[in-house]
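First comes the structure, then the notes that go with it.
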Amino acid sequence: MRNIYLLGFAGCGKSTLGKRIAAQLGYQFLDLDALFEQRYGDISDFFAKEGEMAFRRIETDLLHETATNINTLISTGGGTPCYGDNMKYINDNGFSVYLYLPAKVLADRLKNSHKQRPLLRGQCDLLQYIKQTLPIREMYYRQATLIVSVLDIHTDRVVEQIKQMIV
Ligand code: S3P
């Protein structure tokens, strides 16, 4: 079976939902941010020391490694599809699913999140930042094979929609 790539803004639930969806589909689960941290350490520290572009280069390399995976659901980082040819690479190598949430919901979730996110750390108005950034990122996210609004929707429904996509 072809891989499935989960896309979406930070806070949309790629990792949490991804684990559940993968388990229900009988897929392996791979989290690109976790893979990055296994190899290079904390993402925030890496951003501070090496800069964002160095992070993006490695993120793309890690994405390319997924070509050797099979039956795997891959949770990408929020920026992964939006750099270089990554979105094209994703769609050439599997199905892609954009987990949509509105900016306000993302902001509320991110305010309560414990995960360190270097791009969000310095933002004094988180909602404003998301409102500015989401439309730009959606130019990529909306190229996904499937777009699912994950507002008020049970995981089972998301899984059903993905199953219909992969048959
Ligand atoms: C990023 C999102 C993060 C992580 C990195 C950059 C982004 O992943 O890849 O901090 O550019 O939005 P999550 O979407 O899992 O938070």
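Going through 94, 77, 84 one at a time, which residue ends up being small (Gly, Ala, Ser) and over 24 Å from residue 161 (Cα atoms)?
Details: 94 fails: over 24 Å from residue 161 (Cα atoms); 77 fails: over 24 Å from residue 161 (Cα atoms).
Of 94, 77, 84, the one residue that is small (Gly, Ala, Ser) and over 24 Å from residue 161 (Cα atoms) is 84.
Checked against (1) buried (at least 18 other Cβ atoms within 10 Å of the Cβ); (2) without any contact (Cβ under 8 Å) to a residue 24 or more places away in the chain; (3) more than 9 Å from the ligand (Cβ to nearest atom), residue 40 passes all but a single condition, namely (1). Restricting attention to segment 13-36 and to residues that are over 15 Å from the mean Cα position of the chain (by Cα) and closer than 14 Å to residue 70 by Cα, the residue that is surrounded by the fewest Cβ atoms within 10 Å (Cβ to Cβ) turns out to be 26.
For every residue, the table says whether it meets (1) touching a residue at least 40 places away in the same chain (Cβ under 8 Å); (2) touching a Ser or Thr at 6+ places or on another chain (Cβ under 6 Å); (3) near the ligand (Cβ under 10 Å from one of its atoms).
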| position | (1), (2), (3) |
| --- | --- |
| 14 | yes, yes, yes |
| 23 | no, no, no |
| 44 | yes, no, yes |
| 49 | no, no, no |
| 55 | no, no, yes |
| 66 | yes, no, no |
| 70 | yes, no, no |
| 74 | yes, yes, no |
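On the given criteria, is residue 19 more than 11 Å from the ligand (Cβ to nearest atom), closer than 29 Å to residue 167 by Cβ and charged (D, E, K, R)? Yes, satisfied.
Residues of segment 1-23 that are in a helix (DSSP H, G or I) and out of contact with any Lys or Arg (no Cβ under 9 Å at 6 or more places or on another chain): 14, 16, 17, 18, 19, 20, 21, 22, 23. Of a type in the set (Gly, Ala, Ser) and closer than 24 Å to residue 43 by Cβ: does that describe residue 96? Considered against the rule, which asks whether it is of a type in the set (Gly, Ala, Ser) and closer than 24 Å to residue 43 by Cβ, residue 96 comes out as yes.
Every number here is computed from the coordinates shown, using simple stated rules; none is lab data. No experiment lies behind these values; they were computed from the predicted model shown. Heads up, the Cβs are rebuilt from the backbone with ideal geometry, glycines too, and the neighbour counts pull from every protein chain shown.
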